[in-house]
Amino acid sequence: NPFPQVTDPNWFCKRHISVELFLMNQELMSLERRTLTEWDDLNEQDKFPKLNPWFKIEKYPGCIAILPETGYGNLDSTIKQRSPAKEFWTSLTDLLVKRNYHILQFGHPKSEKLEHKNIEDCRNLSFFDMIKEILGCELVIGTDTGAMHVINAYGFNSICLYSMYKEGHIQNPKAFLPLNYKGNLIDIEGVGGINNIKIEEVLEAVKKFE
C-alpha cells in the first residue's frame, strides 16, 4: 500500500513519528499493521535511522549551515508556525559572524532569501547536493524539516528548533524531531510558539559543538 493511513488523527500526541511510520508500515502479503510489541522488540540501534555517505564530502571549516524554513517553497501554510522569523536568523548571524563563522543558507529554491551580507545563498541546489554540502559544514541549524531528518540520519552535528504547531498537538512536543544515532542533536523548543526561542539558547548550543 503506497498510501498507508495514520493509526490515529492525533498520533503525534502519543508517539514519535518514527514509531508511527513503523506502525503504518503494512506487511506486503498480509496487509496487517505492525504492532507496538514489534517495535519494542527492536534493539535500540535499530530504532534509529542510519545513513553512511558513499560520496565524497568536501569540508568547509568554520561554516554553519542554516535551514530557516520548511522545505515546501512557501506552499505550506504552517511555515510561519514552524520557522523562526527572518529577524531571528539575521540577528543570530550577526552573533555567529562575531565568533568567526561563515553562514550558508540552504533550503527550497522558492523559500525566502535572508537579506544579510554575511549569509551565502545556497538555495538553488538539488536535494542530494544540498545534503552533501551541509555535511561538509561544522553543523546545521534548522527546523523539523525532512532535510533535517536525513542529515541527522548521518549522525551530523545538528541544532533543531521546533514547537507544537499542529492543531490538536497538546502533548508529546518532540513527536516530529529527527533522530540522531550518534547523539549529535541538540533540540530547542519554542514553548508557546517557535518565535519564543531565544537566540542565546542557540548560541549556547553552538558552543557545545565547538
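Using only DSSP helix segments of four residues or longer, with each worth -39500 (n - 2.57), what per-residue ellipticity at 222 nm results for the chain after dividing by its residue count and rounding to 500? Present the calculation step by step, with values, prior to reporting the outcome.
Values: 7 runs with 57 residues, N = 210.
Counting only the DSSP helices, I get -7500 deg cm²/dmol.
Could you work out the local net charge near residue 47, counting Lys and Arg as +1, Asp and Glu as -1, over the other residues with Cβ closer than 11 Å to its Cβ? Before the final figure, lay out each step's value.
Numbers: positive: 50; negative: 40, 41, 44, 46.
Around residue 47, the charge tally is -3.
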- Item | Cα-based Rg and Dmax for the chain, where Dmax is the largest Cα-Cα distance (Å) | 17.8, 59
- Are any of the pairs 80/113; 182/208; 166/198; 80/174; 86/182 more than 23 Å apart by Cα-Cα distance, and if so, which? 86/182
- Note on the structure: Comparing 163, 111, 91 in a Gaussian network model of the chain (Cα, 10 Å), the one with the largest mean-square fluctuation is 91
- Item | Carbon and sulfur %, accessible surface of region 45-126 computed with the full protein complex present, 1.4 Å | 52 percent
- Item | Nitroxide proxy distance, nm - points 7 Å out along Cα→Cβ at residue 48 and residue 6 | 2.7 nm
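Under a point-charge model restricted to the Cβ atoms of Lys and Arg (+1) and Asp and Glu (-1), what is the dipole moment magnitude of the chain relative to its Cα centre, in debye to the nearest 20? Each step should come with its number before you reach the end.
Numbers: 24 positive and 29 negative charges, 71 e Å.
Here the size comes out at about 340 debye.
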- If you take the charge dipole of the chain about its Cα centre, with +1 on Lys and Arg Cβ and -1 on Asp and Glu Cβ, which of 5, 90, 146 is farthest toward its positive end? 90
- Task: Kindly rank 173-179, 134-140 from highest to lowest mean number of other beta carbons found within 10 Å of each residue.
- Result: 134-140, 173-179
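The values are calculated or read from the model by the stated rules, or taken from the named source; none is laboratory data. All values reported here derive from a predicted model rather than from experimental measurement. All Cβ positions, glycine included, derive from the backbone under ideal geometry; neighbour counts span all protein chains shown. Note: accessible area is taken over every heavy atom of the protein model, side chains too, but ligands, DNA and RNA are not part of it. Shrake-Rupley method; radii C 1.70, N 1.55, O 1.52, S 1.80 Å.
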